[in-house]
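Participant: Take a look at this one; I'll ask things after.
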Amino acid sequence: MTAQRIDGKALAAQVRSEVAVRAAALTAAGRQPALAVILVGADPASQVYVRNKVSACEQAGLRSVLETYGAELREAELLARIHTMNQDDAIHGILVQLPLPPHIDAQRVIEAISPRKDVDGFHVASAGALMVGQPGFRPCTPLGCMRMLEHIGMGKLRGKHAVVVGRSNIVGKPMALMLLAADATVTIAHSGTPDLAATCRHADVLVAAVGRPRMITGSMIKPGAVVIDVGINRLPDGSLCGDVDFESAQDVAGWITPVPGGVGPMTIAMLLANTVQACAQG
Ligand code: GUN
């Protein structure tokens, strides 16, 4: 069997064009959606991510406000800047790019963002809302994964077993909660799970978000399973690969996301969707 590919680039383009329509309507009504992006320091990967977010805003008709600071920025200054943006009615979403320099407490910074503008969905109030099934902003990467599952007709997961490999606050934990909300039976595994292969082989939906290049191989996949690869790892030769060994996995899986061109583009599309939502909820 050769798995069908889930084309994240094409689906993200569709989401972005839906976002553009909503943004245009809000702009015509005198409320252009706006995202503030704060970058502290000069981490090269973060610079690329931030540039992509800002240009995605522009392409969809959202206003972006990019603020960059040196790595020596004091935490108090960053918190003060966020407080000002919280009060600014012309800014609807606030995103602080992670990681932050070690002298800044990232969780304290995230908690300073108003939950009404927390388009990353990282605030403890957003995480709590997801936990208890209340409305709130959902983290963009797992939200994009759910959109991919809906796209292939797997949005409802009653009777299905989902395995999430990875337990981060940004992906693994919220992903598991969203799969649970879609009625899946969910297992959270991680790099320390004994006999990870046996656990993965139970999965009708397998989400890899562990940050280890090609860790999930074809022999760990149930035939016909949907495999969503969140990993983006840079190899010594400079090329990118996921947490899934695509070559061996595609012979076993029913559906699979490529890296690059899978989950990555969906994350930015869902960020735009959350920002337009924040503006509409104004
Ligand atoms: N760093 C890596 N991924 C993300 C993300 O989704 N949001 C933010 N703010 N920082 C990140």
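Coordinate-derived values only; no laboratory data. Because the structure is predicted, anything quoted here is derived from the model rather than measured. With ideal geometry, Cβ positions are generated from the backbone for all residues, glycine too; neighbour counts draw on all protein chains shown.
Participant: Stokes-Einstein at 4 °C, 1.567 mPa s, Kirkwood radius from Cα pairs: D for the stretch 21-83 in µm² s⁻¹?
Facilitator: Values: Rh = 13.0 Å.
The estimated diffusion coefficient comes to 99 µm²/s.
Participant: Now for a different question. Obtain the radius of gyration and the Kirkwood radius of the stretch 1-54 from its C-alpha atoms and give Rg over Rh.
Facilitator: Rg/Rh: 1.15.
Participant: Have a look at the DSSP beta bridges in the chain and tell me what percent are antiparallel, nearest 5.
Facilitator: Percent antiparallel among DSSP bridges in the chain is about 5.
Participant: Report the charge-dipole magnitude of the stretch 1-160 in Debye, nearest 20, computed about the Cα centre from +1 at each Lys and Arg Cβ and -1 at each Asp and Glu Cβ. Walk me through the numbers on the way to the answer.
Facilitator: Details: 18 positive and 15 negative charges, 160 e Å.
So the magnitude is around 760 debye.
Participant: Where does the stretch 173-282 land on Rg(C-alpha)/(2.2 N^0.38 Å)? Display every interim value, and only then the final one.
Facilitator: On the way: Rg = 15.3 Å, N = 110, 2.2 N^0.38 = 13.1 Å.
Against the compact-globule rule of thumb, the ratio is 1.16.
Participant: Against the empirical 2.2 N^0.38 Å scaling, what ratio does the C-alpha Rg of the chain come to? Present the calculation step by step, with values, prior to reporting the outcome.
Facilitator: Numbers: Rg = 18.8 Å, N = 282, 2.2 N^0.38 = 18.8 Å.
Compactness ratio reported: 1.00.
Participant: Something else now. Could you work out how far apart the two model spin labels at Ser219 and Ala181 are, taking each label as a point 7 Å from the Cα in the direction of the beta carbon, and quote it in nm?
Facilitator: 3.8 nm
Participant: Summing Lys, Arg as +1 and Asp, Glu as -1, what charge do residues with Cβ under 14 Å from the Cβ of Pro101 carry, Pro101 excluded?
Facilitator: Combined, the nearby Lys, Arg, Asp and Glu give -3.
Participant: Starting from a Cα-only point model with no solvent, please compute log10 I(q)/I(0) by Debye for the stretch 95-153 at q = 0.19 1/Å.
Facilitator: Taken in order of the listed q values, log10 I(q)/I(0) reads -0.73.
Participant: Continuing with the same structure: Roughly how many Å is it from the Cα centre of the stretch 222-261 to that of the stretch 132-166, as a whole number?
Facilitator: The stretch 222-261 and the stretch 132-166 have Cα centres spaced 18 Å from each other.
Participant: Can you tell me the Rg and the Dmax, both Å, for the Cα atoms in the stretch 1-126?
Facilitator: In Å, with Rg to one decimal and Dmax whole: 16.3, 56.
Participant: Please report, in Å, the Rg and the Dmax of the stretch 116-208, where both are computed over Cα atoms only.
Facilitator: So, for the stretch 116-208, Rg and Dmax equal 13.1, 42 Å respectively.
Participant: Using only C-alpha atoms and all pairs of different ones, pull out the Kirkwood radius for the stretch 61-110 in Å with one decimal. Working shown, then result.
Facilitator: Values: mean 1/r = 0.0838 Å⁻¹.
Mean inverse Cα-Cα distance, inverted, gives 11.9 Å.
Participant: Quote the Stokes-Einstein diffusion coefficient, in whole µm² s⁻¹, for the stretch 68-175, based on the Kirkwood radius over alpha carbon pairs, a temperature of 10 °C and a viscosity of 1.306 mPa s.
Facilitator: Rounded, D is 102 µm²/s.
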